Amino acid sequence: MPATSPLSLSAIRAALLGLAVGDALGVPVEFTSRAERDNAPVSGMHAYGTHHQPAGTWSDDASLTFCLAESLAAHPEFDDADLANRFLRWFSAAYWTAHGEVFDIGIATSHAFERLSRGTPPAQAGGTGEYDNGNGALMRILPLVFHVAFQDEAAAHDFPAQLALTRAVTRLTHGHPRSAVACWLYLTVARHLLRGATPGAAYAAMQREAEEFLLSAEPEIAAELPHFATVLSGTLPTLQRQFVRSSGYVVHTLEAALWCLLTESTYAATVLKAVNLGEDTDTTAAVVGGLAGLVYGEAAIPEEWLAVLARRADIEELAERMGKVM
């Protein structure tokens, strides 16, 4: 994508704003049950609730996404030390927060940042155990789709290079290969959406490319495939809602986000469906909100939601910076 092209800038704006709006819609009801959401479905921006924040407040999902976007704008080739420094500024000094306060952070991410603060190299900071597969890498990975490794025509099918870059970004907080595979699958969908594919076509392309690459990948990657059986089987769009899980587990978040994307036809309906699944409402809505932004564009995000979005002008300026180098 040519630097500063209208297409790249509009897509980056739509992705960042779409993610932040989804996050903000979910913040007031994070950790509430699906039954609670069925009794009182979210239909717009609300204030206070779980974290007692003003309407339009986004959480760690958007904050860490913006840290990655800003790091890529400064170092388009990717610099893990720079990203680690930005993450630590958020962790210790509320950098890239909505209102100067860190009010939400996942356990695995918190542990990784504590390691980083003690001098652990970025490549070794993320936990590598089976229980270190929360959604804290997936929630912030979307800006990576604008990297040349995903956008350059010559590299379009260099899946090993894409996965290697994805792992370099995820392992700052989540070092287990499952988190990297989840992020690569998500970015593959996003890459096809950026090229104009419909959600259904992007999902189908991701399945084909996963079969082409992951089955023959290194053993520790191939061994993760059974955990993504629902995503890769093609049955995801036909799942009934009661079988869509919305916990903080990275596989559940990927399934839920793609299910919402594939079963709705507007930005608003997509992110509200995610929020009203309950549980990890802000992250599910942020993860799918970025994709829905790519599909439907910034103009499809309700203006009344954008009007109260915290630091909207700063997000738009960040998109411009990123658009100049991506």
In the range 257-295, how many are open to solvent by 20 Å² or more (accessible area, probe 1.4 Å), farther than 22 Å from Ser63 by Cα and free of Cβ contacts under 8 Å to residues at least 60 places away in the same chain? 6
Going by the conditions given, is Gly297 in contact with a Lys or Arg (Cβ under 7 Å, 6 or more places away or on another chain), at pLDDT 95 or above, of a type outside the set (D, E, K, R) and farther than 21 Å from Leu185 by Cβ? no
Taking the range 82-118 as the region of interest, how many residues are part of a helix (DSSP H, G or I), in contact (Cβ under 8 Å) with a residue 24 or more places away in the chain and open to solvent by less than 50 Å² (accessible area, probe 1.4 Å)? 10
Could you list, in sequence order, the residues of the range 137-155 that are within 18 Å of Glu70 (Cβ to Cβ) and touching a strand residue (DSSP E or B) at 6+ places or on another chain (Cβ under 9 Å)? Ala137
Restricting to the range 183-221, give me the number of residues that are modelled with pLDDT under 95, in a helix (DSSP H, G or I) and among the small types (Gly, Ala, Ser). 1
Those residues of the range 35-48 that are in a helix (DSSP H, G or I) and either of a type in the set (A, V, I, L, M, F, W, C) or open to solvent by less than 50 Å² (accessible area, probe 1.4 Å) (or both) come to a total of 2
Those residues of the range 160-189 which are more than 24 Å from Trp259 (Cβ to Cβ) and either open to solvent by less than 10 Å² (accessible area, probe 1.4 Å) or in contact with a Lys or Arg (Cβ under 6 Å, 6 or more places away or on another chain) (or both), in sequence order: Val169, Leu172, Thr173
In this structure, is Arg245 in a helix (DSSP H, G or I), of a type in the set (Lys, Arg) and open to solvent by 50 Å² or more (accessible area, probe 1.4 Å)? no
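The values are calculated or read from the model by the stated rules, or taken from the named source; none is laboratory data. Remember, predicted model here, so these are calculated numbers, not experimental data. Backbone-built Cβ (ideal geometry, glycine too); neighbour counts: all protein chains shown. Calculation scope for accessible area: heavy atoms of the full protein, side chains included, ligands and nucleic acids excluded. Shrake-Rupley method; radii C 1.70, N 1.55, O 1.52, S 1.80 Å.
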